[in-house]
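Read through the structure below, which is laid out as structure tokens, and then see the notes.
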Amino acid sequence: MRRLRITPLRLASALAAASLVGAGVGYAATLNLTSEHLGAASQTLTKGTCNLGSSSATEAWVDQSAPTQSNGGSLVTQTQNNRNQYSFLRFGLSGCSVPSTGGADTATLSLQVTSTSKTNHTISAFPVYSSWSASSLTWTSAQSLSVGSTATDTFSSSLGTKTLTVTSDVDAAIKSGTFWGWELVDTNGGGSNTTTIDSPSLSVSYEK
Amino acid sequence: MKKLTKILGSALSASAIFAGLAAAATLTISSNTLAAGNAAVTSCGVSSLAATRTVDNNGAVTQVDVRGIPQACAGQTLYVTLRGASGASLGSASTAIGSCSGGCSVSFASFSSVTASNLTGYAFAVRG
């Protein structure tokens, strides 16, 4: 019988073979780290902008001193004992073509104060949650509207362009599919003041 | 003879090392965990999940809702990552998917540091 002689070359070959076997066994042992149930998905958002001008706006104001009168088509606020006037403003968001699964990243309402008797009053924009029509809204019917108790933003009654951040309102409106805009109220409370507002526009950056 | 002794010593050492490796490997092979791992990896059908988010008036994300999760995923864990520019992670969270009938949904309220305008997408994973 021929004796197998151990040479350095044979020994090195044996070590290499053993290494491969060991690595293979080690790799097989790590298979048990996988989960029994796995799933993955992703969603890519599309960004866009939408600018709605006066032609997309619906405007009305109501007068406490004429509680059954409708005043569609313009915006006026007034604070005066028993002669308060509130304005209502909304936009048709359908022109932006954002589905209810989308949302507003930012939304800015721009207004122009064209006349005022006092420049230091604060006018607040409260979100409206129930429907109204410019042709039929009156002081009396406005009392039954659902209006938020916290102003989304405010602006001063001084002349000029005003910008209000209304992101949360527009985002909620996109998701609900209905948008009833804002009630504008002179919330200064001290002294009488009448302010007229014009040229409303809404700029929306959205995702869908 | 001295050279042969050295060679034999090296070979014995190597054998001992690989014997150790083999022993360690067979420990896993014989465990119950490996037996479970051998089961087929399945999905509960999450290939088309979608999320919506709400924002505050500053544009910060206040809540992320993931809807339409298959009922078969109930009891598993949903991981969501909010992606920004170039797919970078803006934040991640996970939660257990509760039992439900029809499509399941989960909500996350832990992304207030994320600005919606920076959000470009979502990545989802379900692991059971």
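Among the numbered criteria (1) surrounded by 15 or more Cβ atoms within 10 Å (Cβ to Cβ); (2) farther than 26 Å from residue A:206 by Cα; (3) out of contact with any Leu (no Cβ under 9 Å at 6 or more places or on another chain), which one does residue A:135 miss?
Of everything listed in (1) surrounded by 15 or more Cβ atoms within 10 Å (Cβ to Cβ); (2) farther than 26 Å from residue A:206 by Cα; (3) out of contact with any Leu (no Cβ under 9 Å at 6 or more places or on another chain), residue A:135 misses just condition (1).
Consider only pairs whose beta carbons are under 9 Å apart and that are at least six residues apart or on different chains; among these, list those whose first residue lies in the stretch A:162-173 and is at the interface with another protein chain (Cβ under 7 Å from one of its Cβ atoms) and whose second residue is assigned to a helix (DSSP H, G or I) and modelled with pLDDT of 95 or more.
Listed pairs, sorted by first residue: A:167/B:116; A:171/B:116.
Confirm whether residue A:130 is out of contact with any Ser or Thr (no Cβ under 9 Å at 6 or more places or on another chain), small (Gly, Ala, Ser) and either buried (at least 17 other Cβ atoms within 10 Å of the Cβ) or more than 18 Å from residue A:164 (Cβ to Cβ) (or both). Walk me through how you get there before you give the answer.
On the way: out of contact with any Ser or Thr (no Cβ under 9 Å at 6 or more places or on another chain): no; small (Gly, Ala, Ser): yes; either buried (at least 17 other Cβ atoms within 10 Å of the Cβ) or more than 18 Å from residue A:164 (Cβ to Cβ) (or both): yes.
Taking the combined requirement at face value, the residue does not satisfy it.
Taking the stretch A:174-208, which residues are among the aliphatic types (A, V, I, L, M) and farther than 17 Å from residue A:59 by Cβ?
Step one: list which residues in the stretch A:174-208 are among the aliphatic types (A, V, I, L, M), which gives A:174, A:184-185, A:197, A:202, A:204.
Answer for the stretch A:174-208, where residues must be among the aliphatic types (A, V, I, L, M) and farther than 17 Å from residue A:59 by Cβ: A:174, A:204.
Exposed (fewer than 13 other Cβ atoms within 10 Å of the Cβ), out of contact with any Pro (no Cβ under 8 Å at 6 or more places or on another chain) and closer than 30 Å to residue B:72 by Cβ: is that true of residue A:49 in this structure?
Numbers: exposed (fewer than 13 other Cβ atoms within 10 Å of the Cβ): yes; out of contact with any Pro (no Cβ under 8 Å at 6 or more places or on another chain): yes; closer than 30 Å to residue B:72 by Cβ: no.
When the stated conditions are applied, residue A:49 does not pass them.
Taking the stretch B:99-128 only, how many residues are more than 7 Å from every other protein chain (Cβ to nearest Cβ) and within 18 Å of the chain's Cα centre (by Cα)?
Filtering the stretch B:99-128 down to residues more than 7 Å from every other protein chain (Cβ to nearest Cβ) leaves B:99-115, B:118.
Among the residues that remain, those that are also within 18 Å of the chain's Cα centre (by Cα) are: B:106, B:108.
Total meeting the criteria: 2.
If residue A:192 meets every condition in (1) under 26 Å from residue A:131 (Cβ atoms); (2) surrounded by 14 or more Cβ atoms within 10 Å (Cβ to Cβ) apart from one, which number is that one?
(1)
Go through A:181, A:177, A:148 for me and flag whichever is within 24 Å of residue B:116 (Cα to Cα) and crowded, with 17+ Cβ neighbours inside 10 Å. Reasoning before the result, please.
Numbers: A:177 fails: crowded, with 17+ Cβ neighbours inside 10 Å; A:148 fails: crowded, with 17+ Cβ neighbours inside 10 Å.
Every option except A:181 fails the conditions.
Name the strands (runs of 3 or more DSSP E) wholly within the stretch A:18-70 that hold at least 1 residues that are at pLDDT below 95?
Numbers: elements: A:38-44, A:47-52, A:57-63.
Passing ranges, in order: A:38-44.
So which residues in the stretch A:103-123 are surrounded by 20 or more Cβ atoms within 10 Å (Cβ to Cβ) and farther than 19 Å from residue A:89 by Cα?
Residues satisfying the conditions are A:103, A:105, A:121.
How many residues does the stretch B:55-69 hold that are without any contact (Cβ under 8 Å) to a residue 60 or more places away in the chain, at the interface with chain A (Cβ under 9 Å from one of its Cβ atoms) and buried (at least 20 other Cβ atoms within 10 Å of the Cβ)?
Summing the residues that are without any contact (Cβ under 8 Å) to a residue 60 or more places away in the chain, at the interface with chain A (Cβ under 9 Å from one of its Cβ atoms) and buried (at least 20 other Cβ atoms within 10 Å of the Cβ) in the stretch B:55-69 gives 1.
If I filter the stretch A:76-93 for residues that are closer than 25 Å to residue A:208 by Cβ, modelled with pLDDT of 95 or more and of a type outside the set (A, V, I, L, M, F, W, C), do I get at least one hit?
Yes: one or more hits.
Could you say which residue among B:78, B:90 is in contact (Cβ under 8 Å) with a residue 12 or more places away in the chain, under 30 Å from residue A:164 (Cα atoms) and either in a strand (DSSP E or B) or more than 7 Å from every other protein chain (Cβ to nearest Cβ) (or both)?
Working: B:78 fails: under 30 Å from residue A:164 (Cα atoms).
Result: B:90 is the single residue among B:78, B:90 that is in contact (Cβ under 8 Å) with a residue 12 or more places away in the chain, under 30 Å from residue A:164 (Cα atoms) and either in a strand (DSSP E or B) or more than 7 Å from every other protein chain (Cβ to nearest Cβ) (or both).
Which ones in the stretch B:70-105 are under 16 Å from residue A:41 (Cβ atoms) and buried (at least 17 other Cβ atoms within 10 Å of the Cβ)?
Scanning the stretch B:70-105 gives B:70, B:72, B:73, B:76, B:78, B:80, B:81, B:82, B:83, B:97, B:104.
Please indicate, with yes or no, whether at least one residue in the stretch A:155-163 is aromatic (Phe, Trp, Tyr), surrounded by 13 or more Cβ atoms within 10 Å (Cβ to Cβ) and closer than 15 Å to residue A:85 by Cβ.
Within the stretch A:155-163 (the criterion being aromatic (Phe, Trp, Tyr), surrounded by 13 or more Cβ atoms within 10 Å (Cβ to Cβ) and closer than 15 Å to residue A:85 by Cβ), the answer is no, since none of the residues qualifies.
The values are calculated or read from the model by the stated rules, or taken from the named source; none is laboratory data. None of these values were measured; they are calculated from a predicted model. Counting neighbours? That spans all protein chains shown, and the Cβs are built from the backbone with ideal geometry, glycine included.
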